[in-house]
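Reviewing the structure listed below.
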Amino acid sequence: MKDERFSPDAYDVTVIGGGPAGLSAAIAADKAGARVLLVEREGRLGGILKQCIHDGFGLIRFGEKLSGPEYAHRYIEELGGTGVTIRLLSFASKISKQTDGFELTLVSRGGVDVLQTKTLVLSTGCRERTARQVNIHGTRPAGVMTAGQAQYYTNILGRLPVRRCVILGSGDIGLIMARRLSLEGAEVLGVYEAKQSPSGLSRNIAQCLEDFDIPLLTGHTVTRVFGRDRLEAVEISRVDEIMRPIPGTGERIDCDGLVLSVGLIPENELAESLEVLIHPATKGPLCDQRYMTMISGVFSCGNALQVNDLVDYVSESGAAAGFYAAQTATQTATQSAARTVAPGIGLDRRAEGNFADLTTDDAFLCLSPQRLDMDYREREIPVFFRSREDRGKTVLRVQAGGREFFRRNYSQLRPPEMERILLPLENLDLSPGDRIDFTLEEA
Ligand SMILES: Cc1cc2nc3c(=O)[nH]c(=O)nc-3n(C[C@H](O)[C@H](O)[C@H](O)COP(=O)(O)OP(=O)(O)OC[C@H]3O[C@@H](n4cnc5c(N)ncnc54)[C@H](O)[C@@H]3O)c2cc1C
């Protein structure tokens, strides 16, 4: 591991973001023989895991219950034994496509650097939705914060940001912070959720709310905040079936904190600047089975690709994206030695004709990958999906050309819980332009 100033040489693979996805990607690309640069805007590697001090990470990957920092540490140690060049406190501010690869602009305390890379792995994580994005109106007093901010104050700065608070939204980070703030002595008055069912994992509802007698009220939302400099109270109202507040149901609750856990959005500003196609369901790049976006040489993984609930799947996608980025960079090197590239070439959009599409019915909230690159036919590929609604006994059916070739039964499916299958492709007779159809039916 080198923590050195920018080398003027070009890289095969540049990984942007040093969270669990980026760490796995950098290690895998290095193992595959690529010259790798890992760029992180913060002073330490580990991404959001640095502030997740509760346990439950790594059950699938390591068969152990680790805390976030422990999980990250395993990868940071492994990275230490590689040849990956690391640039901390460096913000990737701009990417542009070149004839062969990409030009990347980095901003750091030392100034602005421009470097070349053959391929890119975007592992920039996700952002939390804020109060304005969920239409909470009123003044802007201190004390209204996202669950991630509350987690940062409590776990990194060692300061309790609230004494008596309300949590809006039942996402996992909100549930975890309900327990964390209670343990630190704050009074958590309740978790209010506009939907009719909670958004977090069942295990978090049991361990973070039920075990701590914290009430969960579905079908409720915050409609106003009170206070000028510091939050004094919030107004909670009931909502109808399409989540509109019901007039006359407002109740004022005195508190000094409103913690928001109302969703995460993949961070893709850099991808969008390259005109990478973003999928409306995942809000991350549309990808094939190698985690390559629809721009050649640009890969996406982790929460930048889609919001994950398990870090183990984040690492899995990072490792695959890193490996395939290294493979692509090596192939690019061989090809470019043999051909002359026209200067000023535009974005290398990938030929539509070489893909089979993975399509779903309305019962799915999202599914990835969305495309199968027919030039790379693995024996099996991991496919991730979420159901749109809570479902009881369900059968997942996968068909190609009207013939079912995969089926799995589930006792239940819930949108917060991402499912993973290994889809066998061995005996499939597919041509470019064909579809692989996924359906969820009552068992
Ligand atoms: C606030 C919060 C709390 C969470 N808590 C939990 C939890 O308790 N349990 C759980 O299982 N999951 C939790 N998650 C989900 C968690 O994000 C994933 O499990 C996993 O950590 C995502 O890994 P990642 O590498 O994709 O993203 P991240 O861990 O978010 O890492 C992305 C990295 O990219 C860097 N970056 C972004 N843009 C740039 C740029 N332009 N230039 C340079 N660097 C850049 C960021 O600084 C960051 O280090 C949480 C998510 C959030 C947002």
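Holding the Cα-Cα limit at 26 Å, pick out from LYS31/LYS283; LYS97/LYS283; LYS94/LYS283; LYS50/LYS393; LYS65/LYS195; LYS50/LYS195 the pairs that are longer than that. Long pairs (Cα-Cα over 26 Å): LYS31/LYS283; LYS50/LYS393; LYS65/LYS195; LYS50/LYS195. Summed over the residues of the stretch 353-443 and divided among them, the accessible surface reaches 50 Å² per residue at a probe radius of 1.4 Å.
Among residues other than SER202 whose Cβ falls under 9 Å from its Cβ, what is the net charge (Lys/Arg +1, Asp/Glu -1)?
Details: positive: ARG203, ARG414; negative: GLU417.
Around SER202, the charge tally is +1.
Summing charges over all other residues whose Cβ lies under 10 Å from the Cβ of VAL239, with Lys and Arg as +1 and Asp and Glu as -1, gives 0. For the stretch 98-167, the solvent-accessible area works out to 49 Å² per residue, with a probe of 1.4 Å and every protein chain left in place. In this label model, LYS195 and GLU417 are separated by 1.4 nm, measuring between points 7 Å along each Cα→Cβ vector. For the stretch 353-443, the extents of the C-alpha atoms along the principal axes are 37, 21, 21 Å, listed from largest to smallest. The residues of the stretch 271-324 present an accessible area of 25 Å² per residue when probed at 1.4 Å with all protein chains retained.
Only protein atoms count toward the accessible area here, which uses a 1.4 Å probe; on the stretch 96-173, the carbon and sulfur part of that area reaches 46 percent.
Taking Cα pairs under 8 Å and at least six residues apart, what relative contact order does the chain come out at, in percent? Each step should come with its number before you reach the end.
Details: 1081 pairs, mean separation 69.5, N = 443.
Once divided by the residue count of the chain, the mean separation gives 16 percent.
Under the combined filter of DSSP loop state and at most 12 neighbouring Cβ atoms within 10 Å, the stretch 201-308 retains these GluC sites (Glu not before Pro): GLU241. If R0 is 30 Å, the Cβ-Cβ spacing of ARG44 and ARG164 corresponds to a FRET efficiency of close to 0.40.
With Cβ to Cβ distances under 15 Å as the rule, what net charge do the other residues near ALA32 carry (K, R +1; D, E -1)?
Details: positive: LYS31, ARG35, LYS118, ARG290; negative: ASP12, ASP30, GLU78.
Value of the local net charge: +1.
Summarising the strand pairing of the stretch 1-123, around 55 percent of its internal DSSP beta bridges are antiparallel.
Using a 1.4 angstrom probe on heavy atoms only, work out the carbon and sulfur share of the accessible area of the stretch 353-443 in %.
Numbers: 1730 of 4530 Å².
Carbon and sulfur atoms account for 38 percent of the accessible area of the stretch 353-443.
The values are calculated or read from the model by the stated rules, or taken from the named source; none is laboratory data. Values in this document were obtained by computation on a predicted structure and should not be read as measured data. Every residue, glycine as well, gets a Cβ built from its backbone with ideal geometry; the counts of neighbours run over all protein chains shown. Accessible surface areas use protein heavy atoms only, side chains included; no ligands, DNA or RNA. Shrake-Rupley method; radii C 1.70, N 1.55, O 1.52, S 1.80 Å.
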